[in-house]
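Quick notes on the structure that follows.
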Amino acid sequence: MEQKKSVLNIFLLTIIFLFMINIVSSLGLGPAKKEYNFEPGLSEIITYKVFGVSSTKNLAISVKGDLAQYVKFDKDKLIGPGEFAVILELPDKIDTPGKNKIYISVSEEFDEELAGTFIGTAVKVNAVIYINVPYPGKYLDVDLASHNANIGEPVKFDLDLISKGVEDVTAYPKITVISDNRILETLVFKEREILSQENIKLRKFLLTENYNPGTYTANAIVLYGGDKPATSETEFKIGELIVDIINYSKKVVIDDKTQAFSIEIESGWNSNIDDADAKVVFLDSFGKVVTEFKTTSTDLIPWQKKSVLGYFDSSNFTEGFYDANITISYSGEEQRKTSSEIVMVEFIKKPFNIMLLVYVLVGLIFLIAIIFLIWKFVLKKRK
Amino acid sequence: MKNTNILMIVAIVAVAFALFNLVITINKVGDIKTITGYAELQDTGVADVNIESNLVIVFTIDTLDWGAGHVDTPIYKYAVLDTTGTMLQGVNWLTVSDGLLLENQGNVDADLYFESTVDAHDFICEGQIASECTLAGGTADAEFQWQFSENITGSCPTKVHEVNDWSSWVDVCADGDATCDESPASAGEGRSICSDFQNIGTGTNEIRLDLRLVIPSDADTGDKQATITASAYAV
C-alpha cells in the first residue's frame with residue numbers, strides 16, 4: 001500500500017516537474033529596418049543579429065521581396081542566437097520607382113521528430129530593407145508633424161522634405177494655420193534647393209498668445225515645380241487649464257439603497273492635472289438643497305477623459321426632474337481651479353421586477369400543489 | 001532506500017531544475033536588453049547614441065495540449081474543445097482556458113500573418129477519406145478554427161478581417177491554401193491579421209489566439225499535431 005502511494009507521489013511530482021519547464025519561445029532580429037537611396041551599383045554589407053531564441057533551435061534564413069535577387073547571405077542557417085551578413089549588390093538600373101522592399105526572414109524550423117498530441121507554435125520575423133528608387137523628373141514628398149501646447153506656449157512644426165525624383169528641386173514651403181475653414185496665419189520658410197534623393201528637415205514655431213484654446217489644422221504647402229504642390233496636413237490642440245463635464249448619470253433610481261452618480265470629465269490642458277473631483281448639489285424646484293455629496297478624486301494626463309463616482313441616498317427624492325449643480329475642482333500649474341455647471345437629472349421609480357413576480361407565482365403554485373397533496377393524503381387516511 | 005528518501009531526492013531535483021529554469025529566463029531577458037542601446041557615462045565628449053530597431057516576437061504561451069481523450073459515444077457523435085474553457089461531449093480531455101499569447105517585445109510595430117501547418121481534416125482526420133471522418137448523421141466534417149483578441153486593449157489598432165477572425169470562430173488558414181494567403185511577399189505566410197501590432201514601448205503589445213476543435217467520433221486515434229506560425233514584418 002505504501003509502495004503504491006509513493007509511486008503515485010513520484011508520478012505527481014514528475015507532472016509538476018514537467019509543468020516547470022519554461023514554455024516561453026521567442027525570436028528577435030535586428031536591425032529591423034534599414035533604408036537606402038538607390039545608387040547604380042550600390043553595394044552594402046549589413047550584419048544582422050538573431051537573439052532571444054533557444055540555443056538549440058534550428059533557424060532558416062531567407063530573402064524575399066521586390067529586389068530579392070540582389071541579396072546574398074554568408075550563411076542560410078543558424079542554430080540558436082548568432083549573426084549573419086547580408087550582402088546587398090544593386091544593379092545599375094531599377095525600373096520600379098518608389099519605395100522597394102526587401103525582406104530578410106529568419107524562421108524557426110519545425111521539429112518533425114516530435115511526437116504526441118498538441119498544437120505548437122513557430123515564429124518567423126522579417127526585417128525590411130527599403131530601397132528608394134527615384135521617380136522620373138521632379139518629385140517631392142512632404143510630411144508635417146505638430147505638437148499640442150498650452151495657451152501662451154509655442155507650437156512646434158516639423159516639416160520633412162524628401163526629393164524622390166531624379167531631378168533636383170527648388171522648394172518654397174509654407175504652413176497655413178486653419179480654424180473653421182478660415183486661414184488664421186501663414187508661416188513662410190526660406191526657398192530651399194533640395195538635391196535628388198536628399199532629405200531635409202525644417203522647423204518653425206507658432207506663437208499662441210493671440211489664439212483661443214481649441215483644435216486647429218495646419219497645412220503644409222510646398223511649391224517645387226511639380227505638376228501640383230506637395231501637401232501634408234496635421235491637427236494640433238491649444239490647451240487651457242480646464243476640466244469639462246462631458247457626460248453624467250442622467251437618470252437615478254429612487255431607492256432605499258445608496259445610489260451611484262457618475263460624471264465623465266475631460267482635461268483641456270496639455271499638462272497633467274491633479275486631484276480632479278466633483279461636488280454635486282441637488283436642488284428642488286424652489287432652489288432648496290435636497291442633498292449634496294462629493295465624488296472620488298482622480299489625476300488626468302493631457303487631454304484625458306475619465307469618470308469620477310459619487311454615492312448618495314436617493315430615498316428623499318420624488319419622481320421628476322431635479323437641477324444638479326456640479327462643481328469640478330482640480331489642480332494644475334500650482335493653482336486650484338473650479339468650474340461649475342447646472343445639469344438636469346431625472347429621478348425615476350424603481351422598475352418593476354418581473355422576475356420577482358415569476359418567482360412568487362412559481363412559489364405559490366408549488367405551495368398550492370403541496371397543500372393539495374396533503375389534503376388528498378388526509379382524505380385518504382380518513383377513508 | 002526508503003520511499004520517503006526517493007521522494008526527497010525527486011523534490012530536490014525538481015527545485016534545482018526550477019532554479020536552473022529561472023537562470024535561463026533571466027539570461028534570455030538579458031540577451032534582449034543588450035540590443036536596445038545602452039549609453040555609458042563619460043567624463044567629456046559628445047554622446048552619440050543610435051538605438052537600433054529590432055523586431056522581437058514572443059509566444060509567451062506557445063503550446064496547447066488537451067491530453068488524451070475520446071468522444072463520449074454512443075451518447076454523442078462529436079466533441080468540442082476550445083481554449084476558452086470548453087470541453088463538451090468528451091471524456092478525459094483536459095479543460096484548457098488559455099489561448100496562445102503573442103507579444104511584440106521589439107521596438108518597432110509589426111505587420112502580422114498567421115498560418116497553420118494543417119487544416120481541420122489533415123489535423124483531426126489525417127489519412128482518412130472524407131466519408132470515414134464525419135459527424136455521423138450530420139453534415140459537418142471536423143473543425144479547426146481560430147479567433148483573435150487583444151489581450152491588452154490597443155495592442156492592434158488596425159485589425160484585418162475584424163468582422164471575421166477577430167469576432168468569431170473562423171477556419172484556420174492552412175499552409176498551401178492560396179485562397180487565404182495574403183502575405184506581402186511571394187512566399188505564403190497565411191492570413192493577414194494585424195497591420196500594426198504595437199511595440200513594447202506602447203505598453204499595449206499582446207494578442208491572444210484562441211483555438212477550437214470539433215472532433216468526430218469516427219476520427220482515427222493517435223497523435224495529432226499542428227503548428228501555428230506567426231510571421232511578423234517590421235513596419
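The values are calculated or read from the model by the stated rules, or taken from the named source; none is laboratory data. All figures in this text were calculated on a predicted structure; none of them were measured in a lab. We place every Cβ from the backbone using ideal geometry, glycine too, and count neighbours over all the protein chains shown. For accessibility, only protein heavy atoms count, side chains too; no ligands or nucleic acids. Shrake-Rupley method; radii C 1.70, N 1.55, O 1.52, S 1.80 Å.
Can you give the Rg and Dmax of chain A based on its C-alpha atoms, in angstrom?
So, for chain A, Rg and Dmax equal 35.7, 118 Å respectively.
First measure r as the distance between the Cβ atoms of A:T318 and A:E240, then evaluate 1/(1 + (r/R0)^6) with R0 = 35 Å and state the FRET efficiency to the nearest 0.05. Intermediate results must be reported in sequence, preceding the final value.
Details: r = 40 Å, r/R0 = 1.14.
Approximately 0.30, to the nearest 0.05.
Considering amide H positions built from the backbone, and no H for Pro or chain starts, which residues 5 or more places from A:Y135, or on another chain, come under 5 Å of its amide H?
Excluding prolines and chain starts, which carry no amide H, the hits are A:G98, A:G165, A:V166.
Given 0.36 nm per residue, what is the gain on full extension from A:K380 to A:F73 after removing their alpha carbon distance, in nm?
On the way: separation 307, 0.36 × 307 = 110.52 nm, distance 9.88 nm.
Value of the extension gain: 100.6 nm.
Counting only residues 5 or more places away or on other chains, whose amide H sits under 5 Å from the amide H of A:L241 once H atoms are built in the peptide plane?
So A:L241 has HN proximity to no qualifying residue.
What number in nm² do you get for the range B:57-234 if you take the convex hull of its Cα atoms and divide its surface by four? All intermediate terms of the calculation are to be shown ahead of the outcome.
Working: hull surface 41.2 nm².
It is 10.3 nm².
Quick check: the angle from helix A:354-382's long axis to the longest principal axis of chain A, C-alpha only, nearest 10 degrees?
40 degrees
Show B:S155, B:S53 ordered by accessible area, largest first, where the area counts protein heavy atoms only and the probe is 1.4 Å. Intermediate values should be presented prior to the final figure.
On the way: B:S155 0, B:S53 20 Å².
Putting B:S155, B:S53 in descending order of accessible area: B:S53, B:S155.
How charged is the neighbourhood of A:E346? Take every other residue with its Cβ under 10 Å from the Cβ of A:E346, and add Lys/Arg as +1 and Asp/Glu as -1.
Working: positive: A:K250, A:K251; negative: A:E319.
My count for the surroundings of A:E346 gives +1.
Give me D for the range A:63-200 in µm² s⁻¹, whole number, from Stokes-Einstein with Rh from the Kirkwood sum over alpha-carbon pairs, 37 °C and 0.692 mPa s.
Approximately 164 µm²/s, per Stokes-Einstein.
With a 1.4 Å probe and all protein chains kept in place, how do A:L223, A:L379 rank by accessible area, largest first?
Values: A:L223 100, A:L379 65 Å².
I get A:L223, A:L379, largest accessible area first.
Which three lengths, in whole Å and largest first, does the range A:129-187 cover when its Cα atoms are put on their principal axes?
That works out to 43, 27, 18 Å along the principal axes.
Enter the accessible area of B:V235 (Å², nearest 10), with the probe set to 1.4 Å and all protein chains included.
Accessible area of B:V235: about 60 Å².
In nm, to one decimal, how far is the modelled label at A:D92 from the one at B:T158, with both set 7 Å along Cα→Cβ?
3.8 nm
Wrap a convex hull around the Cα atoms of the range A:322-369, take a quarter of its surface area, and give that in square nanometres. List each step's numbers first, then the result.
Working: hull surface 24.6 nm².
Directional mean of the projected Cα hull area for the range A:322-369 stands at 6.2 nm².
Find out how many positive minus negative residues lie around A:I374, taking Lys and Arg as positive, Asp and Glu as negative, among other residues whose Cβ is under 14 Å from that of A:I374. Spell out each step's value before the answer.
Values: positive: A:K376, A:K380, A:K381, A:R382; negative: none.
So the surrounding residues net to +4.
Which residues in the range B:196-235 have a backbone N closer than 19 Å to a point placed 7 Å from the Cα of B:V80 along the Cα-to-Cβ line?
Of the residues in the range B:196-235, B:210-219 have backbone N under 19 Å from the label point off B:V80.
Does anyone have the angle between helix A:2-19 and the longest principal axis of chain A? Alpha-carbon axes, 0 to 90°, nearest 10?
50 degrees
So how exposed is B:L213, as accessible area in Å² (1.4 Å probe, rounded to 10)?
The value for B:L213 is about 10 Å².
Holding the Cα-Cα limit at 25 Å, pick out from A:K49/B:K224; A:K33/A:K72; A:K228/B:K159 the pairs that are longer than that. Spell out each step's value before the answer.
Details: A:K49/B:K224 35 Å; A:K33/A:K72 17 Å; A:K228/B:K159 34 Å.
Listed pairs above 25 Å: A:K49/B:K224; A:K228/B:K159.
Could you go through the range A:196-202 in sequence order and give the Karplus-derived ³J(HN,Hα) for each residue, using 6.51 cos²θ - 1.76 cosθ + 1.60 with θ = phi - 60°, rounded to whole Hz, and x for Gly and Pro?
In residue order, the calculated couplings are 4, 6, 7, 10, 10, 10, 10 Hz.
Would you tell me the mean number of C-beta atoms belonging to other protein chains that fall within 10 Å of each C-beta in A:49-56, as a whole number?
Working: counts 5, 0, 8, 11, 4, 2, 2, 0.
What the average comes to for A:49-56 is 4.
Cβ under 11 Å from A:E333's Cβ, A:E333 left aside: what net charge do those residues give with Lys, Arg +1 and Asp, Glu -1?
Details: positive: A:R336, A:K337; negative: A:E240, A:D274, A:E334.
So the surrounding residues net to -1.
A:N212 to A:I301: FRET efficiency via 1/(1 + (r/R0)^6), r the Cβ-Cβ distance, R0 35 Å, to the nearest 0.05?
Details: r = 23 Å, r/R0 = 0.65.
Efficiency, rounded to the nearest 0.05: 0.95.
Pop a pseudo-label 7 angstrom from the Cα along the beta-carbon direction at both B:A178 and A:N181 and give the gap in nm to one decimal.
Taking the two extended label points, one gets 5.1 nm.
Return the Rg/Rh ratio of the range A:304-383 with Cα-based radii and a Kirkwood Rh. Working shown, then result.
Details: Rg = 28.0 Å, Rh = 19.1 Å.
Radius of gyration over Kirkwood radius for the range A:304-383 works out to 1.47.
Could you work out the per residue convex hull volume over the alpha carbons of the range A:140-239, in cubic angstrom? Working shown, then result.
Working: hull volume 7.9 nm³, N = 100.
Here the figure is 79 Å³ per residue.
Hey, what D do you get for the range A:243-349 in µm²/s if you plug the Kirkwood alpha-carbon radius into Stokes-Einstein at 20 °C and 1.002 mPa s?
151 µm²/s
Convert each backbone phi in the range A:251-264 into a coupling constant with the Karplus relation 6.51 cos²θ - 1.76 cosθ + 1.60 (shift: θ = phi - 60°), then list the ³J(HN,Hα) values in order as whole Hz, x for Gly and Pro.
10, 10, 7, 7, 7, 6, 6, 5, 9, 8, 10, 9, 10, 8
Where does each of A:K381, A:K138 land when they are ordered by accessible area, with a 1.4 Å probe and the largest first?
Details: A:K381 150, A:K138 85 Å².
So the residues, ranked largest to smallest area, are A:K381, A:K138.
Can you give the accessible area of B:H121 in Å² (nearest 10), computed on protein heavy atoms with a 1.4 Å probe?
About 50 Å², ignoring ligands and nucleic acids.
Run the simple label-point estimate for A:T291 and A:V188 please: 7 Å along Cα→C-beta, distance reported in nm.
6.5 nm
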